[in-house]
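> Submitted below is the structure of interest, expressed as structure tokens.
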Amino acid sequence: MAEVLELVEARLREALGEPDARASVTFLGTDRVEVLRFPAVDTDADGGGSGGALVRYATLGMSAQPMTDPTAALADPVRGPRAELLLTLRAGRADTDQVLRPLAVLAASPQVEGVVVAPGASLDTGEPLWPSAPFTSVLVGEPGALVADLALADPMDPVRFLPLLPMTPNEAAWKRVHGAGALEERWLTGGTDLRDPARGAVRLD
């Protein structure tokens, strides 16, 4: 487990640079989960990048154990999907550092609730992601764009780094009916800045 997490942290540093802060959370009956904060600059011109400051949060600890299908009769301690979570936000527009504990809660959910976190899934914290945030849930996006998958020794599955896209309650409800792809299309069509911690909901009518 320790070796896997060392490799994961090395991959995060390789892709995102040096973290400027980190916090750890331990939940009863689970392994410790850390959340690392990485400062960044928005250079994505296609995504409306304006050179403004960004902050990226990455979990470290979720990938220590493979995720197990809750319908499986026996959990495999080696084989199974592994992942860490990534959240990118514009800096200075909200007290987003308070997202550390909710992120740790989401990262611990495979151990606590026996769920498999995968692209297209919705994850709900049941409370604002940070004080006064208009979001209580996130959509799990496709991996690979920001941090490449980390291959591990056979027979272990690679670690995938899954981006999280905050959803307003209306967006989350709409996604449950129409699916993740349809919501992402609405975001794209509406020019939604998914990194803006104070954004409003996209038009869904």
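> Kindly establish whether Val138 is open to solvent by less than 30 Å² (accessible area, probe 1.4 Å), within 27 Å of Gly92 (Cα to Cα) and touching a helix residue (DSSP H, G or I) at 6+ places or on another chain (Cβ under 9 Å). Explain how you work it out, then say what you get.
Numbers: open to solvent by less than 30 Å² (accessible area, probe 1.4 Å): yes; within 27 Å of Gly92 (Cα to Cα): yes; touching a helix residue (DSSP H, G or I) at 6+ places or on another chain (Cβ under 9 Å): yes.
It is true that Val138 is open to solvent by less than 30 Å² (accessible area, probe 1.4 Å), within 27 Å of Gly92 (Cα to Cα) and touching a helix residue (DSSP H, G or I) at 6+ places or on another chain (Cβ under 9 Å).
> Just to be sure I understand the filter: pairs with C-beta atoms under 9 Å, separated by 6 or more residues or on different chains, first member in segment 5-32 and more than 15 Å from Arg82 (Cβ to Cβ) and open to solvent by 40 Å² or more (accessible area, probe 1.4 Å), second member of a type in the set (Ser, Thr, Tyr) and outside any loop (DSSP other than H, G, I, E, B). Which pairs pass?
Listed pairs, sorted by first residue: Arg32/Ser24.
Condition check ((1) open to solvent by 40 Å² or more (accessible area, probe 1.4 Å); (2) under 24 Å from Ala107 (Cα atoms); (3) not in a strand (DSSP E or B)) across all residues:
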site	(1), (2), (3)
Ala153	yes, yes, yes
Leu164	no, yes, no
Glu171	no, yes, yes
Arg176	yes, yes, yes
Ala182	no, no, yes
Glu185	yes, no, yes
Leu188	yes, no, yes
Pro197	no, yes, yes
Asp205	yes, no, yes
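> Considering only segment 1-24, how many residues are hydrophobic (A, V, I, L, M, F, W, C), closer than 24 Å to Val78 by Cα and in contact with a strand residue (DSSP E or B) (Cβ under 7 Å, 6 or more places away or on another chain)? Lay out the reasoning, then the answer.
In the first step, residues of segment 1-24 are kept if they are hydrophobic (A, V, I, L, M, F, W, C); the result is 1-2, 4-5, 7-8, 10, 12, 15-16, 21, 23.
Restricting the remaining residues to those that are closer than 24 Å to Val78 by Cα gives 1-2, 4-5, 7-8, 10, 12.
Add one more test, that the residue is in contact with a strand residue (DSSP E or B) (Cβ under 7 Å, 6 or more places away or on another chain), and what stays is 5, 7-8, 12.
Residues meeting the conditions: 4.
> Can you tell me how many residues within segment 110-135 are open to solvent by 50 Å² or more (accessible area, probe 1.4 Å) and of a type in the set (Val, Ile, Thr)?
Residues in segment 110-135 being open to solvent by 50 Å² or more (accessible area, probe 1.4 Å) and of a type in the set (Val, Ile, Thr): 2 in total.
> Quick check, is Arg32 on the phi < 0 side of the Ramachandran plot, modelled with pLDDT of 85 or more and in contact with a helix residue (DSSP H, G or I) (Cβ under 7 Å, 6 or more places away or on another chain)?
Values: on the phi < 0 side of the Ramachandran plot: yes; modelled with pLDDT of 85 or more: yes; in contact with a helix residue (DSSP H, G or I) (Cβ under 7 Å, 6 or more places away or on another chain): no.
So Arg32 does not fit the description; no.
The values are calculated or read from the model by the stated rules, or taken from the named source; none is laboratory data. Not measured: the values here are computed from a predicted model. Using ideal geometry, Cβ is built from the backbone for each residue, glycine included, and neighbour counts are taken over all protein chains shown. Calculation scope for accessible area: heavy atoms of the full protein, side chains included, ligands and nucleic acids excluded. Shrake-Rupley method; radii C 1.70, N 1.55, O 1.52, S 1.80 Å.
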